[in-house]
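The values are calculated or read from the model by the stated rules, or taken from the named source; none is laboratory data. Bear in mind that the values here come from a model prediction, so they are computed numbers and not experimental data. When we count neighbours, we look across all protein chains shown, and the Cβ atoms used for this are built from the backbone with ideal geometry, even at glycine. Only protein heavy atoms, including side chains, enter the accessible area calculation; ligands, DNA and RNA are left aside. Shrake-Rupley method; radii C 1.70, N 1.55, O 1.52, S 1.80 Å.
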Amino acid sequence: MREEVEKSPLIPVTNHQAEDHDVVYKKPVSFGKSLPCDPSRWMHRYFMLFLMCTLSFGSYFVYDNPAALQGQITRVMGVDSAHFMLLYSLYSWPNVVLSMLGGFLIDRVFGIRVGTVIFSAFVCLGQVVFAMGANVNSFNVMLAGRFIFGIGGENLAVAQNAYAVTWFKEKELNMVFGLLLSVARLGSTVNMNILAPIYDLTTDAIPQPTQRLALTLWIGVFFCLLSLFAAVVLGLFDRRASRILRRADAQTGEVINLRDIRHFPLSLWLIFLICVLYYVTVFPFVGLGILFFEDKWQYSATKANIVNSLVYIISAVASPFLGLAVDSTGFNVLWGECVLA
């Protein structure tokens, strides 16, 4: 009984939303195709999950580029910590509004497939401009790149979730979300631990600091292009599946109506509060953590990178197992309380 209550929506679903929901989640029908090619079979669905994971890897890899290269950026670009943190602020500012509009843009304007490609392209373009800022020795250009990146970053996560709930249902979902988060945090972990060593290793080959910094940032462009490629392939296979299974396109199910805020239950506001407190506690520290560990505790650069990325390492390892545990037991709130404790 408790499991059924926990799985009920926090916001009441209108009649037309319920009808859309029934169409989108129509049970697939197998057509006797081979295991890899049949969209209703497990092998094909987990191939789609692989593409969904790749979709976010590039975005999460480049999100913490500034944190991984904090010392290099502040020294080479001649900025203090306050200006350095603008690289994160300018990512966050557009998402204060755009994250609320992301579902609407996907459902009503672009569609899930085109929307995913567009948002992934913004992520890629933002990283290109960010790297070019180092090439031309302009911190303002780097800031512009982070702003562009922010336009696509969080909306790409909305699109990824829309794909996930279309291809995976009920008992699978928490494990799938955990795996998506795990791969995303793997991208953050890899970023934290390879960029600074690469910057140092290219000292002799590229003596000019700005060009060496730019080369390091262009590595992020490669991973963004990989995610963009995944977005295109994911869209093509999803369109094929929609045609074969005769199902509606994936949607987030979001209809923007600001008056709904009046009906948000206390439990939903508490979830918002938990997310806000977590983000303001953890991520700003991660953004400045490497120099803190080096200055405060005299850690080497390598050790500081590892310690600063521990929150991502633990998340990458634990998320799929916690998702599987929630799927198996159904006690979502209890597991959330344990994690917060």
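Observations on the structure shown:
- Filtered residue count, the range 78-112, keeping only those that are in contact (Cβ under 8 Å) with a residue 12 or more places away in the chain, in contact with a Ser or Thr (Cβ under 8 Å, 6 or more places away or on another chain) and closer than 30 Å to residue 211 by Cβ: 2
- The set of residues in the range 131-158 that are in contact with a helix residue (DSSP H, G or I) (Cβ under 6 Å, 6 or more places away or on another chain) and among the β-branched types (Val, Ile, Thr) comprises 141, 148, 151, 158.
- Some residue of the range 150-165 being farther than 19 Å from residue 283 by Cβ and aromatic (Phe, Trp, Tyr): yes
- Only one entry in 307, 311, 276, 326 is under 18 Å from the mean Cα position of the chain (by Cα), surrounded by 15 or more Cβ atoms within 10 Å (Cβ to Cβ) and not basic (Lys, Arg), namely 311.
- Subset of the range 205-228 [open to solvent by 60 Å² or more (accessible area, probe 1.4 Å) and either over 13 Å from residue 134 (Cα atoms) or not polar (S, T, N, Q) (or both)]: 205, 207, 215, 218, 222, 225, 226
- Taken over the range 256-273, the criterion of being in a helix (DSSP H, G or I), modelled with pLDDT under 80 and either open to solvent by 70 Å² or more (accessible area, probe 1.4 Å) or of a type in the set (A, V, I, L, M) (or both) is satisfied by 258, 259, 261.
- Out of 302, 281, sole residue that is more than 21 Å from residue 183 (Cβ to Cβ) and either surrounded by 11 or more Cβ atoms within 10 Å (Cβ to Cβ) or modelled with pLDDT under 85 (or both): 302
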